[in-house]
Amino acid sequence: MKKLNKIFYDNEWRISSSNKYFKSNTFNSKKIFYYPECNKLDIQRTILSAKRGFKYNKKLNLIERKKFIFKIYNQIKKNYKKIAKVESLETGKNISDAEKEILHSANIWLFAFKSLKNNNSKLKLSKQHNGHIIYEPVGIVSLIIPWNFPFVVLSERLPFILGSGNSVIIKPSEFASQSMIYFMNIIKKINFPIGIINLITGSGPKVGSYLTKNKDINMVSFTGSTKVGKKIIRNTSKNIKRLSLELGGKNSIIVLADADLDKTINILINSFTGNAGQSCVSTSRLLVDIKIKEKLIKKLINRLTKIKNFKKIYGFISTRFQYNFIKKSIQNNNRYNNNIIYGQENFKHKNFISPIIFKDLPQNHIFNKKELFGPILSINSFENENQAINISNSTKYGLSAVICSRDKKKSFKIAERLNSGRIWINESVKINYPSLPIGGYKESGFNRESGTEGFRTYSEIKSIIYNKN
Ligand code: NAD
């Protein structure tokens, strides 16, 4: 097995001084990879590089930054099949999904290129005073990435970090570093200015944690579980680092009585089983108007039983931890087995879980409250929209929601009252556009990524009052 004994800083692949490696493979990896478990010395060297990079990027003008963002976009687009291939080899994602994800990622870079502009402004405050609002970079950003959509998560953040004038240290997930290694080769190839983009590998509790504590890091951009997000809040509180947190969710799909049921079934199945339910925006709670509940359930089961190649379409559970966590959660709650209306026969394969659907679990049941990160759906009904909104808002999370209805006005009114960062109306959670900011309410995190707000997230804003007299 080929070991990658290098990490990337000062625009070069450098030998890690740790001489320790970890194995990266998921249940579904077609190849095993090894990466350095970096030590403190490696991280410190990388931080020194990022310091140099920050000084350089801060001085670049917007046209120069735009030029680099465009170059990266071009390279991703040109190499999208190769990036998708390595992502698929390591994570086991099917190749066509991986290709779509990399092309979507390229589009985010293109959007950032097009929308990067000078946001500084001047205001007349009074006869005596003028005001100036100035956007500045934050500094060195630690960018910590999860395993489920590695290249997409990278691309939703990095162009905005760079465009705002920062430097970055990327820490990929232990399960999914390969597409980022490929990305660093692109950075090297296009002679990106030294030190602006750096990459270090290693475990979350060691390398990730250090990157959230070190005093020279100015900001942490973290995407991952709420549990780790809370640790990061604690670590970064010591010197009040800037933070952007995109965390977990327990998202709902609300179906009103007037919804087009055939379309709704497609949206529903895509939204709870896509990527085997291992997507932060997956909708794991169905809230349906009581008047159409049984009709909808019948149609849903009917459709599911007709799908023969679930494995191919919706993919596999990625990690042993994830599989065991779902299995244990279901088995520990076996007194609710009578509430299972689909997927009773399960856990026969090491990496595949067929959709499991529960009906009428109590509202405070763990499956209505906790993120399971698998193709699990819990169905409850409501009698009026107020009740639907209250149930939807009743978890500690607030990441996403779907509304299905033919009534546009009513759907928007509901959307306004949901505590969720992203809402789809008559569409599945698979559809995304780079111009829309993403992020969560409550324990799903704070700050926003992508869209023009993405630049705001990675900027400090300074106000100046100028006395004209
Ligand atoms: P995770 O929290 O286990 O790990 C995420 C990253 O954090 C990894 O790189 C890991 O090495 C690192 N890490 C772990 N412990 C750390 C620590 N103490 N300090 C610093 N870094 C540490 O999450 P995961 O299992 O990789 O991903 C699944 C989770 O991510 C789910 O909860 C999902 O909802 C969430 N997620 C959220 C979004 C979003 O945009 N809101 C997107 C994708 C995934």
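The values are calculated or read from the model by the stated rules, or taken from the named source; none is laboratory data. Computed from a predicted model, the values in this text were never measured in an experiment. Glycine also receives a Cβ, built like all others from the backbone with ideal geometry; neighbour counts cover every protein chain displayed.
Results, tabulated for the structure shown:
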read-out	value
Subset tally (residues that are within 19 Å of I379 (Cβ to Cβ) and not aromatic (F, W, Y)) for the range 307-317	1
Any chance I326 is β-branched (V, I, T), surrounded by fewer than 17 Cβ atoms within 10 Å (Cβ to Cβ) and part of a helix (DSSP H, G or I)	no
From the options L286, L211, L268, residue that is more than 18 Å from R422 (Cβ to Cβ) and in contact with a helix residue (DSSP H, G or I) (Cβ under 9 Å, 6 or more places away or on another chain)	L211
Checking K299 against (1) assigned to a helix (DSSP H, G or I); (2) buried (at least 17 other Cβ atoms within 10 Å of the Cβ), the condition it does not meet	(2)
Of the criteria (1) surrounded by fewer than 21 Cβ atoms within 10 Å (Cβ to Cβ); (2) at pLDDT 95 or above; (3) not in a strand (DSSP E or B), which one F367 fails	(1)
Single residue of I76, I43, I95 found to be touching a helix residue (DSSP H, G or I) at 6+ places or on another chain (Cβ under 6 Å), surrounded by fewer than 18 Cβ atoms within 10 Å (Cβ to Cβ), over 24 Å from E460 (Cα atoms) and in the same structural domain as F151 (by TED's automatic domain parsing)	I95
Qualifying positions in the range 15-47 - hydroxyl-bearing (S, T, Y), at pLDDT below 95 and closer than 20 Å to I197 by Cβ	S16, Y35
Residue in the range 93-114 that is assigned to a strand (DSSP E or B) and either within 16 Å of the ligand (Cβ to nearest atom) or of a type in the set (F, W, Y) (or both) present	no
From the options K82, K71, K55, K93, residue that is of a type in the set (K, R), out of contact with any Leu (no Cβ under 8 Å at 6 or more places or on another chain), modelled with pLDDT of 95 or more and over 22 Å from L110 (Cα atoms)	K55
Output for the range 155-172, where each listed residue is more than 15 Å from the chain's Cα centre (by Cα) and within 21 Å of G204 (Cβ to Cβ)	I161, V168, I169
Sole residue being touching a residue at least 12 places away in the same chain (Cβ under 8 Å) and in contact with a Phe, Trp or Tyr (Cβ under 7 Å, 6 or more places away or on another chain), chosen from T273, T264	T273
Selection count where residues are within 7 Å of the ligand (Cβ to nearest atom) and among the small types (G, A, S), scope the range 230-243	0
Of the criteria (1) in a loop (DSSP other than H, G, I, E, B); (2) surrounded by fewer than 19 Cβ atoms within 10 Å (Cβ to Cβ); (3) in contact with a Gly (Cβ under 8 Å, 6 or more places away or on another chain), which one N191 fails	(3)
Residue satisfying condition, being touching a residue at least 40 places away in the same chain (Cβ under 8 Å) and closer than 23 Å to A276 by Cα, within set E371, E385, E449, E345	E371
Pair list, Cβ under 9 Å, 6 or more apart: the range 166-187 residue part of a strand (DSSP E or B), other residue among the basic types (K, R) and surrounded by fewer than 24 Cβ atoms within 10 Å (Cβ to Cβ)	S167/K51; S167/R52; S167/K55; S167/K58
Residue identified as of a type in the set (D, E), within 22 Å of the chain's Cα centre (by Cα) and within 14 Å of the ligand (Cβ to nearest atom) among E371, E427	E371
Filtered residues of the range 5-27 (kept if part of a loop (DSSP other than H, G, I, E, B) and touching a helix residue (DSSP H, G or I) at 6+ places or on another chain (Cβ under 7 Å))	D10, N11, S16, S17, S18, T26, F27
Number of positions in the range 244-296 that are within 16 Å of the ligand (Cβ to nearest atom), assigned to a loop (DSSP other than H, G, I, E, B) and either among the acidic types (D, E) or closer than 18 Å to S405 by Cβ (or both)	0
Any hit, the range 408-418, residues being surrounded by fewer than 16 Cβ atoms within 10 Å (Cβ to Cβ), in a loop (DSSP other than H, G, I, E, B) and acidic (D, E)	no
Residue match in the range 298-311 (condition: in contact with a strand residue (DSSP E or B) (Cβ under 7 Å, 6 or more places away or on another chain), over 27 Å from P146 (Cβ atoms) and of a type in the set (A, V, I, L, M, F, W, C))	yes
Qualifying residue in the range 133-144 (condition: assigned to a loop (DSSP other than H, G, I, E, B) and within 20 Å of the chain's Cα centre (by Cα))	no
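Condition check ((1) at pLDDT below 95; (2) more than 18 Å from E246 (Cβ to Cβ)) across all residues:
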site: F183; (1), (2): no, yes
site: N191; (1), (2): yes, yes
site: I194; (1), (2): no, yes
site: S203; (1), (2): no, yes
site: K206; (1), (2): no, yes
site: T212; (1), (2): no, no
site: T223; (1), (2): no, no
site: V228; (1), (2): no, no
